[in-house]
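Structure first, commentary second.
The values are calculated or read from the model by the stated rules, or taken from the named source; none is laboratory data. These numbers were taken from a predicted model, which means no experiment stands behind them. In this analysis, Cβ positions are derived from the backbone assuming ideal geometry, glycine residues included, and neighbour counts consider all displayed protein chains.
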Amino acid sequence: MTRDEVLRYLDDTRDVEGWFFPVDAYLFGFIDEIQKRERIQGNLFEIGVHHGKTAIFLARMRREGEIAGVCDIFDQQELNVDRSGEGNRAIFERNLRGHKPRVFAKLSSALTPDDTTERCRFFHIDGGHRAEDVVNDLEVAARALLPDGVVAVDDLFNPNWPGVGEGFYRFIAARPDVFVPLLIGGNKVLLARPEAAERYERHWSGVHEAVDAPFDFGVKEWLGRRVLTAIRLAWVDLDPYGAARLHAR
């Protein structure tokens, strides 16, 4: 999705409840544009939808012949052990009207290869935030992702949800050759298969033109790699007025 298309999405979904920072929307769009240039085609899938804010974005990313799918427990909130989000199917379907993704109302641990397909170019993980949930969802993504696909993980550095980081590092320690970090956004971390990372990294010079947000971009060392990182220009708790000015630009 182009920068203008992302801006339209942000305007259109202003009233949809959810946690999808604008900088991350621009970065999702940036990855989508790279995949178009690199002729990477495939399906899209999301674990954990809440009210559909990111599911709408993935549905707009979908091209002809591609399938978009989502998984959430929805009304089975007794299965939502850590209370991370609260999917509501009626609200979700109202917000997704016209897009009609494939919907799997169950635990992500019950997803099959037929559900997700094994041809995903983009996979978004925002389900259960316990360590065991994150390990499971990364396993599901690894099974579903194409060799040149990208996985986005939510809340990896969020101090409110330390289980996400625990699960991520547990997965990386057990399966170090499956994914490498590609990009750190506002609240999303994007991963790729080791052999695919260079296909994306050669496009990094265009990131400033693709993103309209109060962030700069730099390279940070993490997990033995140099990872493109969205760097905040101001911290709200340290400089609230400066942050407000940056967001108003």
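At a glance:
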| read-out | value |
| --- | --- |
| Residue within the stretch 158-181 that is of a type in the set (Asp, Glu) and in contact with a strand residue (DSSP E or B) (Cβ under 8 Å, 6 or more places away or on another chain) present | no |
| Residue list for the stretch 18-45, filter: without any contact (Cβ under 8 Å) to a residue 40 or more places away in the chain and either within 16 Å of Gly65 (Cα to Cα) or acidic (Asp, Glu) (or both) | Lys36, Arg39 |
| Any hit, the stretch 134-147, residues being more than 17 Å from Cys120 (Cβ to Cβ), surrounded by 13 or more Cβ atoms within 10 Å (Cβ to Cβ), modelled with pLDDT of 95 or more and out of contact with any His (no Cβ under 6 Å at 6 or more places or on another chain) | yes |
| Gly65 being at pLDDT 95 or above and surrounded by fewer than 22 Cβ atoms within 10 Å (Cβ to Cβ) | yes |
| Residue selected from the stretch 73-99 under the condition aliphatic (A, V, I, L, M) and at pLDDT 70 or above, by the criterion surrounded by the fewest Cβ atoms within 10 Å (Cβ to Cβ) | Ala90 |
| Every pair of residues 6+ apart whose Cβ atoms lie under 9 Å, when the first sits in the stretch 100-118 and is assigned to a strand (DSSP E or B) while the second is surrounded by 12 or more Cβ atoms within 10 Å (Cβ to Cβ) and charged (D, E, K, R) | Arg102/Asp115; Val103/Asp72; Val103/Arg89; Val103/Glu93; Phe104/Asp72; Phe104/Asp115 |
| Options Ala144, Ala131: the member that is in contact (Cβ under 8 Å) with a residue 24 or more places away in the chain, under 24 Å from Glu38 (Cβ atoms) and small (Gly, Ala, Ser) | Ala144 |
| Pair list, Cβ under 9 Å, 6 or more apart: the stretch 61-76 residue touching a residue at least 40 places away in the same chain (Cβ under 8 Å), other residue in a loop (DSSP other than H, G, I, E, B) and among the β-branched types (Val, Ile, Thr) | Ile67/Thr117; Gly69/Thr117; Cys71/Val49; Asp72/Val49 |
| Residue match in the stretch 78-94 (condition: touching a Phe, Trp or Tyr at 6+ places or on another chain (Cβ under 7 Å) and under 27 Å from Phe171 (Cα atoms)) | yes |
| Which listed residue is on the phi > 0 side of the Ramachandran plot and of a type in the set (Ser, Thr, Tyr), from Thr2, Thr117, Thr54 | Thr117 |
| Hey, Pro162 at pLDDT 95 or above, in contact with a Lys or Arg (Cβ under 7 Å, 6 or more places away or on another chain) and surrounded by fewer than 24 Cβ atoms within 10 Å (Cβ to Cβ) or not | no |
| Residue match in the stretch 228-237 (condition: touching a Leu at 6+ places or on another chain (Cβ under 8 Å), acidic (Asp, Glu) and either on the phi > 0 side of the Ramachandran plot or modelled with pLDDT under 95 (or both)) | no |
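A quick yes/no check of all residues on (1) part of a strand (DSSP E or B); (2) in contact with a helix residue (DSSP H, G or I) (Cβ under 7 Å, 6 or more places away or on another chain); (3) surrounded by 15 or more Cβ atoms within 10 Å (Cβ to Cβ):
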| position | (1), (2), (3) |
| --- | --- |
| Asp4 | no, no, no |
| Asp11 | no, no, no |
| Arg14 | no, no, no |
| Phe30 | no, yes, yes |
| Arg39 | no, no, no |
| Glu46 | yes, yes, yes |
